[in-house]
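Each value in this text was obtained by applying a stated rule to the coordinates, not by laboratory testing. In this text the structure is predicted, and so the values were computed from the model without any measurement. With ideal geometry, Cβ positions are generated from the backbone for all residues, glycine too; neighbour counts draw on all protein chains shown.
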Amino acid sequence: MVKHKKGPKDVGLPPGTLIHVGEKKTETTEISIIDYDEVHIQERRVESAEECFPYKDKPTVTWIKIDGLPEIDVIEKIGRHFDLHPLVLEDILNTGQRPKIEEFEDYIVIIIKMFILEQEGRIDAEQISIVLGPNFVLSFQEKAGDVFNNILERLRNGKGRIRNLKSDYLAYALVDTVVDQYFVILEGLGEKIESIEEDLLNYPGPKTLHPIHELKRVMIQLRRSVWPLREVVNNFERSDIPVDK
């Protein structure tokens, strides 16, 4: 079963007021900074948005990883310093967005859905927003998680080409990791379908209908995200990435 999101509405608020729309998955916003080039890497946790500001124009590649969306003032400060359009910040904080990619003069915004198969068989949907700039990547997740741990390890260990390339490669690696999660989900659904088929053969009856309906809802949710995700990936590959080559 896919968990559906609910959140507040902006009734009565002044135009342009930022609010978090969606399920509140954590109480805090955590910020990590990974700054690197082909020789050095620095990784640190920071307590304030202001500590991110010096990394906007550094010659190195900087990944600013924001986990959790409840501290709106923090996200707004980071967004304004990195010259993000107010509507982009609204999209980041509204976790009901469809997957999409938007090009601006100095950066690209990618919003995608990630699905995680939980132990009890439930599928959790999470919005991930990625901002690609000339020498930085901002990533926004609804909560802290381990989905990008493989990229962190590659950066720390200097494995592959990631430390030798620019911010566009990092952004592509993040998107690619999210896409890989779809294959994990499909594999899990395949196993579930086999189990349902076996139950239908051995125990035909009304009780088998419930998991079939649940599976149908999951497939509809996945289809709604997969089709626009294809367009996002295709447009990303064709984009005029604003990075220093």
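Quick rundown of the values:
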{"quantity": "Percent of C-alpha pairs per 10 Å bin, region 30-238, short to long", "calculated": "8, 32, 32, 17, 8, 4, 0"}
{"quantity": "Helix 209-238 vs. the chain, principal-axis angle (Cα, 0 to 90°, nearest 10)", "calculated": "30"}
{"quantity": "Charge dipole (debye, nearest 20) of region 111-237; +1 at Cβ of Lys and Arg, -1 at Cβ of Asp and Glu", "calculated": "540"}
{"quantity": "5 angstrom amide H check on Lys143, placed H, neighbours 5+ away", "calculated": "Gly68"}
{"quantity": "Under Karplus coefficients 6.51, -1.76 and 1.60, residue-wise ³J(HN,Hα) of region 158-166 in Hz, glycine/proline x", "calculated": "x, 7, x, 9, 4, 6, 8, 10, 8"}
{"quantity": "Peptides ranked, highest mean first, by Cβ atoms within 10 Å: ranges 85-95, 156-166", "calculated": "85-95, 156-166"}
{"quantity": "The chain - mean residue ellipticity at 222 nm from DSSP helices (-39,500 (n - 2.57) per run, n ≥ 4, rounded to 500)", "calculated": "-13000 deg cm²/dmol"}
{"quantity": "Of every Cα-Cα pair in region 83-134, the percent that sits beyond 14 Å", "calculated": "53"}
{"quantity": "Among the listed pairs Lys58/Lys159; Lys113/Lys166; Lys58/Lys100; Lys24/Lys207; Lys77/Lys159, those beyond 31 Å (Cα-Cα)", "calculated": "Lys24/Lys207; Lys77/Lys159"}
